[in-house]
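Working notes, structure below.
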Amino acid sequence: MSIRKRKWTTKKGETREAYVVAYSKDGKRHIETFQRKKEADAREARAKVDIGKGIHVAPSESITVAEAAANWLNRVKADGRERSTLRQYETHVHLHIEPRIGRIKLAKLTTAKIEEFRNSLLADNEGLSRPLARKVLTSLKSLLRQAKYTHLAIEVSIGRSARDRRLEPGRDFPDAGEVKRLIQTATEGKQRVLLLTAALTGLRASELRGLRWNDIDLKAGELHVRQRADQFNEIGPPKSRTGTRMIPLAPQLVQALKRWKLCCPNGEANLVFPTRKGTIEYHANMLRSLTPVMQAAGVVMADGEPKYGLHAFRHFFASWCINPKERGGRELPPKVVQHLLGHSSIVMTLDIYGHMFRESGDRAELAKAADLLLA
């Protein structure tokens, strides 16, 4: 295996140069050309390692990124992932990955090209939102992981921008006053119990729609998240292992659930918030059922439309758990909040709600601790 510098003159008389990596594998001679010495050195080093492991693939025999993406999608489908998840991945591949880098062979894919892909997702003229761009890049990394090319994208990421908006009560989710007005306006029935459950448990909309009566222990005051209903109204497990969790119920919610259970429509699925026929409620219909309550409570936009979606009540629950007790909150530690929300990691919890946690600035506590230490 060797690297040599090659110079030549074009028909227009321009002098060009490149770096050539030459090596043999299985009796075949392979030559790869790179514009920069750094890229040639990296390719030579990687080829030596891969040949030693018996996993090296020459560019002429390599599949393209598009073909690797197709293999990845087939694997996701074979693993039985939810239809909504598969559809999201297909959108990432067909709308963003294939058009940009789909024709590049994996053997010729470099970290620099992945960086260019990353930057194109965020381009000012037609760039994606930062959260969507991050998801697309994650999908690319997943397909590269399956194709054994993870190393190329390790250092490529899309972090949160300093300009990203922080969640604020009254703008992104209801504040305590708005929640109280909504509950008081929805005096009885499904809407009131739904609002109470959403605000006091922080369940995702899919978890609310898939919630069963046998998941609720009214005597112990506990709610167990064991399943969810996806956008196609198909029942499946929670989004992650940590999504399966127990949430303690406030006495007021227990009493409301007891009253609602007496008149809740019956169905084979034994759902807590079903349709009138006892079947799974579509997300749009569940949200639409709350519109009259929001309008009556004055929790609306300037045009009279509802101010919040169902997910906003999950944000309210998180803020209620985090806020200090003197402000009507529960003042729970981050790890407990992570568990109650069913987040896959504490990093996710802190990324979204970290700014809400109280900073340590108690001077009296600091002075007392210093006295004990130095006494």
**Message:** Looking for something among the hydrophobic types (A, V, I, L, M, F, W, C), touching an Asp or Glu at 6+ places or on another chain (Cβ under 8 Å) and farther than 30 Å from LEU122 by Cα - is there at least one such residue anywhere in the stretch 217-228?
**Reply:** yes
**Asked** Restricting attention to the stretch 300-336, and to residues there that are in contact with a Gly (Cβ under 9 Å, 6 or more places away or on another chain) and of a type in the set (A, V, I, L, M), which single residue is farthest from ALA199 (Cα to Cα)?
**Response** ILE322
**Asked** With PRO306, PRO324, PRO251, PRO333 as the choices, which residue is more than 18 Å from GLN191 (Cβ to Cβ) and within 27 Å of the chain's Cα centre (by Cα)?
**Response** PRO333
**Fill in**
Of the residues in the stretch 217-256, those that are touching a strand residue (DSSP E or B) at 6+ places or on another chain (Cβ under 7 Å), in contact (Cβ under 8 Å) with a residue 60 or more places away in the chain and either loosely packed, with under 15 Cβ neighbours inside 10 Å or not assigned by TED's automatic domain parsing to the domain that holds PRO274 (or both) come to THR244
**Message:** Are there helices (runs of 4 or more DSSP H) fully within the stretch 168-239 with at least 1 residues that are more than 27 Å from ILE322 (Cβ to Cβ) and more than 20 Å from the chain's Cα centre (by Cα)? List them.
**Reply:** 190-201
**Request:** Please work out which one of (1) aromatic (Phe, Trp, Tyr); (2) under 30 Å from the mean Cα position of the chain (by Cα); (3) over 15 Å from SER139 (Cβ atoms) is the condition TRP72 fails and give its number.
**Result:** (3)
**Request:** Starting from the stretch 146-166, take each residue that is under 13 Å from LEU109 (Cβ atoms) and at pLDDT 85 or above and list its partners that are surrounded by 11 or more Cβ atoms within 10 Å (Cβ to Cβ) and of a type in the set (Ser, Thr, Tyr), counting only C-beta distances under 6 angstrom and pairs at least six apart or across chains.
**Result:** LEU152/THR111
**Prompt:** What strands (runs of 3 or more DSSP E) completely inside the stretch 1-100 contain at least 2 residues that are surrounded by 14 or more Cβ atoms within 10 Å (Cβ to Cβ)?
**Reply:** 15-25, 28-34
**Request:** Identify all residues within the stretch 187-229 that are of a type in the set (Gly, Ala, Ser) and out of contact with any Ser or Thr (no Cβ under 7 Å at 6 or more places or on another chain); write none if there are none.
**Result:** GLY189, ALA198, ALA199, GLY202, ALA205, SER206, GLY210, ALA220, GLY221
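Can we say ARG259 is without any contact (Cβ under 8 Å) to a residue 60 or more places away in the chain, among the charged types (D, E, K, R) and closer than 15 Å to GLN191 by Cβ?
Here the answer is no, as ARG259 does not meet what is asked.
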**Prompt:** Does PRO334 qualify as being in contact with a Ser or Thr (Cβ under 8 Å, 6 or more places away or on another chain), closer than 19 Å to THR201 by Cα and not hydroxyl-bearing (Ser, Thr, Tyr)?
**Reply:** yes
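The values are calculated or read from the model by the stated rules, or taken from the named source; none is laboratory data. On a predicted model such as this, the values are computed, not experimentally measured, just so you know. Every residue, glycine among them, receives a Cβ derived from its backbone with ideal geometry; neighbour counts consider all protein chains shown.
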